[in-house]
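The values are calculated or read from the model by the stated rules, or taken from the named source; none is laboratory data. These figures come from a predicted structure and were not determined experimentally. Cβ placement follows ideal geometry from the backbone for every residue including glycine, while neighbour counts extend to all protein chains displayed. Surface accessibility is based on the protein's heavy atoms, side chains included, excluding ligands, DNA and RNA. Shrake-Rupley method; radii C 1.70, N 1.55, O 1.52, S 1.80 Å.
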Amino acid sequence: MLENEYYPQKTEKKWVEFWDKNKTYKTYDDSDKPKYYALSMFPYPSGKLHMGHVRNYTITDVIARFKRAMGYNVLHPMGWDSFGMPAENAAIQHGANPKKWTLDNIEYMKKQLKMLGLSVDWDREVATCKEDYYKWTQKLFIELFKKGLAYKKEAPVNWCEKCATVLANEQVIDGKCWRCDSEVTKKNLSQWFLKITDYAEVLLDDLDKLKGWGDNVKTMQANWIGKSYGTILKFKVKEIEGLEIPVFTTRPDTAYGITYLVVAPEYKDIEKLTTKENLEAVHNYRENAKKMSEIERQSTERIKTGVPLGTHIINPFTGRVCPIWAADYALADYGTGAVMAVPAHDSRDFDFATKYNLPIIQVIDGEGYDPNKVFEDPGVLVNSGEFTGIDNETAKKKITEYAEKMGFGHSKVQYRLRDWLISRQRYWGAPIPVVYCEKCGVQPVREEDLPIQLPTDVDFSVQGKSPITTSKTFQNAVCPICGAPAVRETDTMDTFICSSWYYLRYADAKNDKKPFCKELVNKWLPVDQYVGGIEHAILHLLYSRFFTKALRDIGLLDFDEPFKNLLTQGMVLKDGSKMSKSKGNTVDPDEIFANYGADTARLFIISDSPPARDFDWSDAGVEGCYKYLCRVYRLYSKFQDKIKLEYNLPETVDKKAEDLIREVHLSISKITSDIENEFQFNTVVSKYRELTNAIYDYIKDEETINYDVLSFALVTLLKLISPVAVFMSEEIYQTLGGVGSIHEQKWPVADMTKTKQNNILLIVQVNGKIRDKIETTAGQTNDELTKLAMNSEKTKQFMDGKTVVKTIVVPDKIVNIVVK
RNA sequence: GCCCUGGUGGUGAAAUCGGUAGACACGUUGGACUUAAAAUCCAAUGAGGCUAAUACCCUCGUGCCGGUUCAAGUCCGGCCCAGGGCACCA
């Protein structure tokens, strides 16, 4: 029996157990149905769910349930991005064991996710920190290493003092650490990199294939990859025979205006290029640049500084001798680390030349040219020898061609993207599976020795080095080639490596022979719908695309993009700003579950705003959704003895039954298309409410209710609402005597022949302005409708004394009379 | 500076192809039920004008200016504002 009022607290837990016991959401690999892979970005097990999680997983879950009802074999898995700093910080601060801390959090959050009512196949759960997962992360690293895509080199790298580790470029946001927000400095270290730059071109080109991704994300990735077309020009050094400095420029058309050359302070040949008199000054400048934080160094506000090296280059176009300077506005790791300076046509060079009194030579002329200002607009070449008079776009090509012919240059495509620095001097990550042998050099460990397990005899309180290095045994290894004693690598991998392939593991989560079997990943992938936060627009999404392409080239899979459709959901706000602990405006999902039930939370979080937009949480909104669910529940409670799951719609029905039947079919149609069209759940919820209102209208006069018609409406509503109100719909379905689960039922199909209206409201316009609305029968001819409009008294007064020029008719909708 | 996304009532937002702007809610106001409250149900709710009237009717109204069209929230051109991304990338 359904009770008089709805008490989610009493029922929800029961259904979690019911679905667990019956394996309602288990996914089988062998099925005749078409596959559908719905995936949420997996959470970091921080301890408790927040509303951002609730929104993310609810959206994906509703999609998964809808697709299941539509007849798809749906893969909807969940896991844990469970390596990373917070576990280690807990160890440092409270002496916790990172593993236990993490696994406890997972246990708690898993319970919460079940309470949220997710239709996840938990048999495929993965946790990146578990040995049965990171064993395969290590294996994939070795594959990349063998393919030449993982390498070690010494380079200036981003260093976060607070986290005591290096960071990838993508993890430095505005010169600060992405995790702890403290300032990042450069350090020269020997580190492991993945050669993502080998894939720059294809990562950029394939963005075009991703029709199901938003332009915002694609643009962010394109900007990050940063392709630019330019020219390499090589300059002979006057003082040193045989030494050349190549530069990269996107403005070869300004080559006649070069007045000096700049190398980055870290430039490899800088000492060779410095005369004895200048050595000390250059050395000091260089040391100073090293100490500077990235924020300071990259600030465009800062007044540019530099020191002359004392040597010169010869401009091959003009023969002009130009001094070489070291200045930190040149970046060591972009292009060649050296730039040609054309102060007349580059604002940075202009600032620098003005400060140090270097000559400024105009070589482009155009509208608005002012000798006292920099001129960066297009124009026509002047002072440029045989190229004078040519427009600058053409000149770019001609000058490059000339340089190529003369042997001192060539065109070049340059990317902004840098290789991915993956070493971390931290404990809680997957150890990089290599050893260093004095004789054989860097060697990956043998596959049968995987996983290289994290040591447990470590001291987390050490400072300035990784806790792993305090293990007494970890570093002692044997060379896999010669068997001699070797030293084990103590760095762990960036956790973004672990999350770059987890979506593949779900396809074959239990495999203990390899990361995944090719057949199964090819079957399930690519992910049909990926849902997650915009904050991963570059980091995780770019890395994952790279991984997929690299693994395809290694031969482990056969597709080249992992995520076919991407939905970046908006943030959950409260009182207009992002929920955060520091602002104290968070809402605890547990409390909402306890007070209103998970169905209320699910319904509320998908209503009001479309998924991609930010969503403002309000207590009144929650209350409103709870009341709506109660209103729905009361319908079933009131008529529970009359509702038939198997009903027979009568051949002929009265007008009000006909209206209700029409509304049901319209609702099915609208809800289905709104879900299919970009998951517009907010309008789906509106339609639930409209249908509910229509049913309430129908039952007003109890005498005239046809219970087959009512059953049709109520059973259909139950199915339509079941992906959202997962608990309540199951409770009602089971009470009505349903077999199996409501969540195994087919999605209703709209009969569009039943949605036709007999009566329409004809809008009559004069010169485009509405003058009358006439109720009339549908399906009349244009002439009939025009006549009707012309005869309207209201319309006539607006046509008085004027001639009708023409009339436009939109059948069953509008007649517009144009008068003069 | 470059790029992306958005701008509609008091609020969240709807509006297939250009065809009734404001669906559905929240909030507010009034009413019914009740000893009372809660819950529930009903009604009104863009702005301004006309009016005895909350009736009828009229005017205006989707960031701003202009254009195309019988008709523009929707299409075109030019701006403004907000949010986000990138940025000493040569």
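Brief remarks on what is shown
- Considering residues of segment A:496-540 that are of a type in the set (S, T, N, Q) and either free of Cβ contacts under 8 Å to residues at least 24 places away in the same chain or over 29 Å from A:ARG179 (Cα atoms) (or both) only, the residue farthest from RNA strand B (Cβ to nearest atom): A:ASN511
- Restricting segment A:606-627 to residues that are more than 7 Å from RNA strand B (Cβ to nearest atom) and assigned to a helix (DSSP H, G or I) leaves a set whose member that is most open to solvent (accessible area, probe 1.4 Å) is A:ASP619.
- Test for A:ASN693: is it loosely packed, with under 14 Cβ neighbours inside 10 Å, within 25 Å of A:GLY624 (Cα to Cα) and of a type outside the set (Ser, Thr, Tyr): yes
- Put simply, of A:GLU744, A:GLU676 the only residue that is more than 18 Å from A:TYR636 (Cα to Cα), in contact with a Lys or Arg (Cβ under 9 Å, 6 or more places away or on another chain) and surrounded by fewer than 16 Cβ atoms within 10 Å (Cβ to Cβ) is A:GLU744.
- Exclusive hit being under 30 Å from A:CYS160 (Cα atoms) and in contact (Cβ under 8 Å) with a residue 40 or more places away in the chain, set A:VAL462, A:VAL458, A:VAL445, A:VAL363: A:VAL445
- Tabulated pairs, segment A:251-278, first within 13 Å of A:VAL307 (Cβ to Cβ), second among the acidic types (Asp, Glu) and surrounded by fewer than 24 Cβ atoms within 10 Å (Cβ to Cβ), C-beta under 9 angstrom, 6+ apart or interchain: A:VAL263/A:ASP269; A:ALA264/A:ASP328; A:ALA264/A:ASP333; A:PRO265/A:GLU287; A:PRO265/A:ASP328; A:LEU273/A:GLU239; A:THR275/A:GLU239
- Residue check, A:ILE554 open to solvent by 10 Å² or more (accessible area, probe 1.4 Å), within 16 Å of RNA strand B (Cβ to nearest atom) and out of contact with any Leu (no Cβ under 6 Å at 6 or more places or on another chain): no
- When restricted to residues that are closer than 30 Å to A:GLY385 by Cα and of a type outside the set (Lys, Arg), segment A:286-328 contains 19.
- Taken across segment A:594-605, residues that are small (Gly, Ala, Ser), open to solvent by less than 10 Å² (accessible area, probe 1.4 Å) and not in a helix (DSSP H, G or I) do occur, with at least one present.
- Selection from segment A:412-443 of residues that are assigned to a strand (DSSP E or B) and more than 16 Å from RNA strand B (Cβ to nearest atom): A:SER423, A:ARG424, A:PRO431, A:VAL434, A:VAL435, A:TYR436, A:CYS437, A:GLY441, A:VAL442, A:GLN443
- Wholly within segment A:64-166, helices (runs of 4 or more DSSP H) carrying at least 1 residues that are surrounded by fewer than 24 Cβ atoms within 10 Å (Cβ to Cβ) and without any contact (Cβ under 8 Å) to a residue 12 or more places away in the chain: A:85-94, A:98-115
- Scan of segment A:372-401 for residues that are touching a Pro at 6+ places or on another chain (Cβ under 9 Å) and surrounded by 17 or more Cβ atoms within 10 Å (Cβ to Cβ), ordered by number: A:VAL374, A:ASN392, A:ALA395, A:LYS396, A:ILE399, A:THR400
- Looking only at segment A:636-658, and only at residues there that are within 44 Å of the chain's Cα centre (by Cα) and within 16 Å of RNA strand B (Cβ to nearest atom), the one that is farthest from A:LEU717 (Cα to Cα): A:SER637
- Applying the condition of being in a strand (DSSP E or B) and crowded, with 22+ Cβ neighbours inside 10 Å to segment A:326-368 and asking which residue is farthest from RNA strand B (Cβ to nearest atom) yields A:ILE364.
- Filtered by the rule that a residue be touching a Ser or Thr at 6+ places or on another chain (Cβ under 6 Å) and more than 23 Å from A:LYS754 (Cα to Cα), segment A:668-687 gives a lone residue, A:ASN682.
- Residues of segment A:706-730 that turn out to be without any contact (Cβ under 8 Å) to a residue 40 or more places away in the chain and open to solvent by 10 Å² or more (accessible area, probe 1.4 Å), as a count: 0
- Consider segment A:251-281 and keep the residues that are out of contact with any Pro (no Cβ under 8 Å at 6 or more places or on another chain), in a helix (DSSP H, G or I) and more than 16 Å from RNA strand B (Cβ to nearest atom). The one that is least open to solvent (accessible area, probe 1.4 Å) is A:ALA281.
- Top-ranked residue in segment A:164-181 [being in contact with a strand residue (DSSP E or B) (Cβ under 6 Å, 6 or more places away or on another chain) and more than 15 Å from RNA strand B (Cβ to nearest atom); ranked as nearest to A:ALA332 (Cα to Cα)]: A:VAL166
Every residue, every condition in (1) open to solvent by 30 Å² or more (accessible area, probe 1.4 Å); (2) part of a strand (DSSP E or B); (3) at pLDDT below 85, yes or no:
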site: A:ARG179; (1), (2), (3): yes, no, yes
site: A:LYS187; (1), (2), (3): yes, yes, yes
site: A:GLN191; (1), (2), (3): no, yes, no
site: A:ALA200; (1), (2), (3): no, no, no
site: A:ASP205; (1), (2), (3): yes, no, no
site: A:VAL217; (1), (2), (3): no, no, no
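- Candidates A:ASP269, A:ASP181, A:ASP205 - the one that is among the acidic types (Asp, Glu) and farther than 30 Å from A:GLN138 by Cα: A:ASP269
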